[in-house]
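**Student:** I have a structure here, written as structure tokens, and I will follow up with some questions on it.
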Amino acid sequence: MEKRFYITTPIYYVNDKPHIGHAYTTLACDTISRYKRMKGYDVKFLTGTDEHGQKIQTAAESKGESPQKFVDRIHVAFRDLCATLGASNDDFIRTTEQRHIRVVQEIFSRLMSNDDIYKGKYSGYYCVPCETYVPENAMGENHTCPDCGRPLIIMEEESYFFRASKYVPQLIEHYEKHLRGVMPKIRYNEIMSFLKSGVRDQSVSRTSIKWGIPVPGDEKHVIYVWFDALVNYISALGGLDTDEFAKWWPNVRHMVGKDIIRFHCVTWPLVLLALGVNLPQEIFAHGWWTVDGEKMSKTRGNVVDPSEMVKEYGLDPFRYFLMREVPFGNDGDFSERALVSRINSDLANDLGNLLNRTLQMIRSYRGGIVPKSDEPSELSQMSAEILERVDRSMNDYAFDEALKAIWEFIGRANKFIDENMPWKLAKDESQSAKLDFVLMNLYEALRLSAMLIAPVMPETSRRIWTQLGISEDPVKAQYDSFKWGNCAGNVIGKSEVLFPRIDIKEWEKSKEEKKLQETSSQETTSATEAQSAPAIEHEEEITIDAFKAVEMRVAQITKCEEIPRSKKLYKLEVDLGYEKRTVCSGIKAFFTPEELTGKRVILVTNLKPAKLCGIESNGMILAASVKKDGVSEQLTLVVPESDIPLGSRVS
Ligand code: MSP
């Protein structure tokens, strides 16, 4: 059978700019793709963008754009990221493309006609940002989403359901036989225990949103964004009944982050079982990056832009760092300092020096021509072991282990120089054969190391082979046809420094200066603003998701009482239609109880309850005010301008 390898990244949401999390999955897939090609596999590497659903609709609305225009604009950054990262993907799929929409509808129809999708009613707790229903036993405290921590809403809608439960025993049986079905082991165990705890039929359509693929024959519904998105792995092959599908599907593998394993290791395989096609060979879930020890987030302002890192430190060092720093599968911490330290120690010192020293000696002692020597050495013996270790590690997606093995070999080669002291051998005519032996082995160690690093650092690999005087492209080399000791007579090329050392003191200084510049430019901007609009104080920018976490509803004040001990507060009873609440509000100076009773207002309903003057207040009434020295001089209530039902959500 022909060796084939079909690998996919998750398709990325286009609601924001790409960050290192996205770069990480893409680079891992790129590394394994390049490796497999060098092992003689026919490889298909797919990536793309997830462009439907509530998240995107909301993001587009916040920019005042149509969703289509918005995704057309934003998806470009993800396409560009592939180029910036040097990704060797063979295809880039967008879920708004016709080729995708057609296949999603075909698959949905096929499942409907087999009665694996049926119409029903769904009611449950729903997380809007995550676009997912949350079972009651999985909810966080106070009805919050276990993934993002935000408040859940109760949602009821007519929905199409996928008969997931029917296929669960079959999936459990499959995973029991295929231990690599979910990797690493910790995720395998997690998925198995989830499956064994029972899986309900899953809602796969929505009536509440518009931006999605219509359910065939029932356009009131759009297909749930996750169902839509997962199908990309098949739509990129043209659908189920194509030669491309027959060619690639038996060898499909998915790479995902640990946060989306249930969709990939439960929902998706259940759909595949219902479709009667094979399950993925492997699904690997990698860990998450924090940045300088903190969760990466826009509000913290610590989102790392991969393009900036590439611009500042170079593409290959960035690729090397991400693949080397953390055992693949574990969480890790990104810091520029750690990146700089890897550049200096592993790249400039270990690899760069080995190349430099070796080429310089071949030039000085042998006129730039690689000498012949057939005697086996520790390095030639070690080479076979390293090739095997790299192979084993790569097959387990242990990129860090593979690199560690290569660097052990590089370290051994550096030591080989120190032990043999070629500069001494060169002074003694009788040691000429030994010098040939030493130089030839060093040359071979470099030729092999450069080939081995090609999946992670393709450009560096090329630069090394060019300096070694090899005209072939190492990226196209085949690991299995590597033969130690074939290079006598090669004429080495021009030397150049692979990775200039970064002076830590200078680097620290420039980072500090940059920080200072950033703060002073912020100060200048706010000073200019202050001159033209002295009274306005702006809050920090927040995301639309942060805003949406504030639940506001229309309410009516049904009772207003004085609080004897308080000059500012009234005790109000408000009716939300579905419940009554007590709220303390500091508006006494502006209204009489008669003016307030019966008024319809806007209430923030998900504020933590607070005790004010001994009374528990459960919400906050919205008002606009003019303040002087922090004290309201003028105040007006924010009221709905027409007779909308009590409890209506404000957004
Ligand atoms: N659109 C869905 C995937 C659908 S696949 C059928 C999605 N998109 S995403 O853009 O939010 O995330 C894509 C990938 O980026 C996920 O694998 C996720 O784990 C990864 N990362 C996002 N932030 C990350 C880190 N901080 N660290 C590492 N990877 C992380 O989910």
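The values are calculated or read from the model by the stated rules, or taken from the named source; none is laboratory data. Because the structure is predicted, anything quoted here is derived from the model rather than measured. All Cβ positions, even for glycine, are placed from backbone atoms using ideal geometry, and neighbour counts span all protein chains on display. Calculation scope for accessible area: heavy atoms of the full protein, side chains included, ligands and nucleic acids excluded. Shrake-Rupley method; radii C 1.70, N 1.55, O 1.52, S 1.80 Å.
**Student:** Where both partners of a DSSP beta bridge lie in the chain, what percent of those bridges are antiparallel, to the nearest 5? Intermediate results must be reported in sequence, preceding the final value.
**Tutor:** Values: 54 of 78 bridges.
Percent antiparallel among DSSP bridges in the chain is about 70.
**Student:** Sticking with this one: Relative to the longest principal Cα axis of the chain, at what angle does helix 432-453 sit, 0 to 90 degrees, rounded to 10?
**Tutor:** With rounding to tens, the tilt is 20 degrees.
**Student:** Now for a different question. Using 0.36 nm per residue, how much length does the chain from ASP418 to ASP391 gain when fully extended, once their Cα-Cα distance is taken away? If you can, show how the numbers build up before the last one.
**Tutor:** On the way: separation 27, 0.36 × 27 = 9.72 nm, distance 2.89 nm.
Length gained between ASP418 and ASP391: 6.8 nm.
**Student:** Given a Förster distance of 56 Å, report the FRET efficiency between THR592 and GLN170 from their Cβ-Cβ distance, rounded to the nearest 0.05. Present the calculation step by step, with values, prior to reporting the outcome.
**Tutor:** Details: r = 70 Å, r/R0 = 1.24.
Rounded to the nearest 0.05, the efficiency is 0.20.
**Student:** Taking the Cα-to-Cβ direction at SER197 and at ARG337 and moving 7 Å from each Cα, how far apart do the two end points lie in nm?
**Tutor:** Spacing of the two 7 Å Cα→Cβ label points: 3.9 nm.
**Student:** For a quick check of your reading of the filter: which chymotrypsin sites (Phe, Trp or Tyr not before Pro) in segment 204-311 sit in a DSSP loop and have no more than 11 other Cβ atoms within 10 Å? Can you show the working numbers first?
**Tutor:** Details: sites: TRP211, TYR224, TRP226, PHE227, TYR233, PHE245, TRP248, PHE263, PHE284, TRP288, TRP289; in loops: TRP211, TYR224, TRP288.
Sites meeting the loop and neighbour criteria: none at all.
**Student:** For ASP259, tell me the accessible area in Å² from a 1.4 Å probe, rounded to the nearest 10.
**Tutor:** 90
**Student:** If you don't mind, another one. Along the Cα-to-C-beta direction of THR558, a point sits 7 Å from the Cα; which residues of segment 585-610 have their amide N less than 19 Å from that point?
**Tutor:** Answer for segment 585-610: 585, 593-606.
**Student:** Could you tell me the distance between the Cα centroids of segment 347-420 and segment 84-115, to the nearest Å?
**Tutor:** The distance from the Cα centre of segment 347-420 to that of segment 84-115 comes to 44 Å.
**Student:** Please give me the summed charge of the neighbours of LEU240: other residues whose Cβ is under 15 Å from its Cβ, Lys and Arg +1, Asp and Glu -1. It would help to have the intermediate numbers written out before the result.
**Tutor:** Numbers: positive: ARG99, ARG102, ARG110, LYS247; negative: GLU106, ASP116, ASP241, ASP243, GLU244.
Combined, the nearby Lys, Arg, Asp and Glu give -1.
**Student:** Compute the acute angle (0 to 90°) between the alpha-carbon long axis of helix 185-196 and the principal axis of greatest extent of the alpha-carbon atoms of the chain; round to the nearest 10°.
**Tutor:** The two axes meet at around 40 degrees.
**Student:** Something else: By the scheme Lys and Arg +1, Asp and Glu -1, what is the net charge of all other residues having a beta-carbon under 10 Å from that of ASP72?
**Tutor:** Working: positive: LYS69, ARG73, ARG94; negative: GLU51, GLU65.
That works out to +1.
**Student:** Report for segment 4-287 the percent antiparallel among DSSP-assigned beta bridges with both residues inside it, nearest 5.
**Tutor:** Of those bridges, close to 50 percent are antiparallel.
**Student:** Could you state how much accessible area VAL204 has, in square angstrom rounded to the nearest 10, with a 1.4 Å probe and all protein chains kept in place?
**Tutor:** 10
**Student:** Nearest 0.05, what FRET efficiency do LYS476 and LYS177 give at R0 = 35 Å with Cβ-Cβ as r?
**Tutor:** On the way: r = 37 Å, r/R0 = 1.05.
Efficiency at R0 = 35 Å is approximately 0.40.
**Student:** At ARG102 and ILE154, where each label point lies 7 Å from the Cα along Cα→Cβ, what is the point-to-point distance in nanometres?
**Tutor:** Result for the modelled spin labels: 4.5 nm.
**Student:** Same structure again: Counting only protein heavy atoms and using a 1.4 Å probe, what share of the accessible area of segment 4-287 belongs to carbon plus sulfur, as a whole percent? Spell out each step's value before the answer.
**Tutor:** Values: 5280 of 10770 Å².
That fraction is 49 percent.
**Student:** Something else now. Whenever you get a sec, line up VAL631, VAL604 from highest to lowest accessible area (probe 1.4 Å, protein heavy atoms). Numbers along the way, then the final one.
**Tutor:** Numbers: VAL631 90, VAL604 10 Å².
If we order VAL631, VAL604 from most to least accessible, we get VAL631, VAL604.
**Student:** So how tilted is helix 458-468 from the main axis of the chain? Cα-based, degrees 0 to 90, rounded to 10.
**Tutor:** 20
**Student:** Continuing with the same structure: With every protein chain left in place, what is the accessible area per residue of segment 30-157 in square angstrom, probe 1.4 Å?
**Tutor:** That works out to 42 Å² for each residue.
**Student:** Which whole-Hz ³J(HN,Hα) couplings does segment 246-260 yield from phi under the Karplus relation 6.51 cos²θ - 1.76 cosθ + 1.60, θ = phi - 60°, glycine and proline marked x?
**Tutor:** Result, ordered by residue: 4, 6, 9, 4, x, 10, 7, 9, 10, 10, 9, x, 4, 6, 10 Hz.
**Student:** Could you work out the relative contact order of segment 4-287, using alpha carbon pairs under 8 angstrom and six or more residues apart, expressed as a whole percent?
**Tutor:** 22
**Student:** Let me ask you something else. Between segment 549-571 and segment 616-651, what is the separation of their alpha carbon centroids in Å?
**Tutor:** Distance between centres, Cα-based: 10 Å.
**Student:** Let me ask you something else. Run the numbers on the chain and let me know its relative contact order in percent, using alpha-carbon pairs under 8 Å that are six or more apart. Let's see the in-between values first.
**Tutor:** Numbers: 1042 pairs, mean separation 70.3, N = 651.
Relative contact order for the chain comes out at 11 percent.
**Student:** Apply the Karplus parameterisation 6.51 cos²θ - 1.76 cosθ + 1.60, with θ equal to phi minus 60°, to every residue of segment 632-639 and state each ³J(HN,Hα) to the nearest whole Hz, in sequence, with x for glycine and proline.
**Tutor:** 6, 9, 9, 8, 9, 7, 8, 10
**Student:** I've got another one for you. Quote the FRET efficiency, to the nearest 0.05, computed for SER109 versus GLU61 with a Förster distance R0 of 35 Å and r equal to the Cβ-Cβ distance.
**Tutor:** Values: r = 30 Å, r/R0 = 0.87.
Rounded to the nearest 0.05, the efficiency is 0.70.
**Student:** Moving on to the next point. 7 Å from Cα along Cα→Cβ at both ALA488 and ALA138: what's the point-to-point distance in nm?
**Tutor:** Here the answer is 6.6 nm between the modelled labels.
**Student:** Where in the chain is the longest stretch that carries no GluC sites (Glu not before Pro) classed as loop by DSSP and with at most 10 other Cβ atoms within 10 Å?
**Tutor:** 142-471
**Student:** Report, by chain and number, residues whose modeled amide H sits under 5 Å from the one on TYR160, excluding near sequence neighbours (fewer than 5 apart, same chain).
**Tutor:** Result for TYR160 returns GLY120, VAL204, SER205.
**Student:** Which percent of the accessible area of segment 335-481 is formed by carbon and sulfur heavy atoms (probe 1.4 angstrom)?
**Tutor:** Details: 2830 of 5950 Å².
With neighbouring chains kept in place, the figure for segment 335-481 is 48 percent.
**Student:** Mind listing which trypsin sites (Lys or Arg not before Pro) in segment 537-628 are in a DSSP loop and have 13 or fewer other Cβ atoms within 10 Å? Display every interim value, and only then the final one.
**Tutor:** On the way: sites: LYS548, ARG553, LYS559, ARG565, LYS567, LYS568, LYS571, LYS580, ARG581, LYS588, LYS599, ARG600, LYS611, LYS627, LYS628; in loops: ARG565, LYS567, LYS568, LYS588, LYS599.
Here the trypsin sites (Lys or Arg not before Pro) that fit, given the DSSP loop and packing criteria, are ARG565, LYS567.
**Student:** How charged is the neighbourhood of GLY120? Take every other residue with its Cβ under 15 Å from the Cβ of GLY120, and add Lys/Arg as +1 and Asp/Glu as -1.
**Tutor:** Values: positive: LYS119, LYS121, ARG163, LYS166, ARG200, ARG206, LYS220; negative: ASP115, ASP116, GLU156, GLU157, GLU158, ASP201, ASP218.
Summing Lys and Arg as +1 and Asp and Glu as -1 gives 0.
**Student:** What is the extension gain from CYS613 to SER648, computed as 0.36 nm multiplied by their sequence separation minus the C-alpha to C-alpha distance, in nm to one decimal? Spell out each step's value before the answer.
**Tutor:** Working: separation 35, 0.36 × 35 = 12.60 nm, distance 2.97 nm.
Full extension from CYS613 to SER648 adds 9.6 nm.
**Student:** Stick to Cα atoms and the Kirkwood definition of Rh, then tell me Rg/Rh for the chain. Mind showing how you got there, number by number?
**Tutor:** Values: Rg = 31.2 Å, Rh = 29.1 Å.
When Rh is taken as the Kirkwood radius, the ratio is 1.07.
**Student:** Quick one: in segment 335-481, what % of C-alpha pairs are over 27 Å apart? Mind dumping the intermediate values first?
**Tutor:** Details: 2288 of 10731 pairs.
In whole percent, the share of Cα-Cα pairs in segment 335-481 beyond 27 Å is 21.
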